[in-house]
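For reference, the structure I am asking about is given below.
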Amino acid sequence: MGQRLLIKADEYKIDLPEEIEKFAGVGAPDIDILIENVLKRAELVKHAKLNSPALRNDTVEALRDLATAIRIQPNHNRQTESLDKLASMMQFIDNEYGFQGHYGTWLDPPDTAAYPHSLKTGQEIEKYACEILGDVYDIRDFENIKLADVLETFGPDYVEAMTSALQVDPEKVAEVLAVMDELETALLLDIVKSAGIEPKFRRPKTVNLSELAKFF
């Protein structure tokens with residue numbers, strides 16, 4: 001039903017609530033979120049009480065190898081067929097070990113892990129997202145960067161590289177970021193913060209799953 005609603009909405013150019021996409025089982029992937037969820041399941045399996053140690057070790061190794069494969073081939077694993085298979089695999093693991101009780105706290109449900117963003121959000125992320133030291137910003141907000149701060153910190157060459165017609169060009173800022181070293185990136189982040197620019201998304205800090213496993 002959700003898929004039929006989306007088809008009709010697209011036909012008549014109607015915007016529907018993002019929840020309809022979740023009901024339809026569609027959305028946009030995020031490789032980092034996907035890998036994080038696979039690795040968290042590996043750690044939880046490692047410390048689980050069910051099944052034999054040998055079987056758990058084999059499962060942990062397979063999940064870690066899978067996370068590596070996802071990182072190596074991100075484009076392949078953004079495809080719907082691959083995401084559906086990965087969601088089914090995570091659902092199998094969760095059913096086998098009873099991980100559903102951790103949804104929303106330490107784990108994303110399989111469908112959310114595979115498709116964490118709506119299609120609209122996914123398109124906007126692809127077009128405008130810019131990551132700085134783990135936080136994701138909207139490059140359009142970089143228009144608020146103060147040129148005086150850039151000049152004082154980096155000099156006139158950087159001002160020229162980041163501007164068009166004497167205005168900060170967000171896309172050029174993103175291009176400059178791509179070639180900065182870690183120190184330069186940290187200095188630019190200070191300028192971004194001083195301009196009152198906040199990240200749109202912060203990567204969640206990794207949970208200590210060894211400590212979590214004590215509660216099993």
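No lab work stands behind these numbers, since they all come straight from the coordinates. Values in this document were obtained by computation on a predicted structure and should not be read as measured data. Every residue, glycine as well, gets a Cβ built from its backbone with ideal geometry; the counts of neighbours run over all protein chains shown.
Could you rank the peptides 160-168, 31-39 by their average count of other C-beta atoms within 10 Å per residue, with the highest value first?
The densest-packed peptide leads the list: 31-39, 160-168.
Any idea what diffusion coefficient segment 17-117 gets from Stokes-Einstein, in µm²/s, Kirkwood Rh on alpha carbon pairs, 37 °C, 0.692 mPa s?
It comes out at roughly 237 µm²/s.
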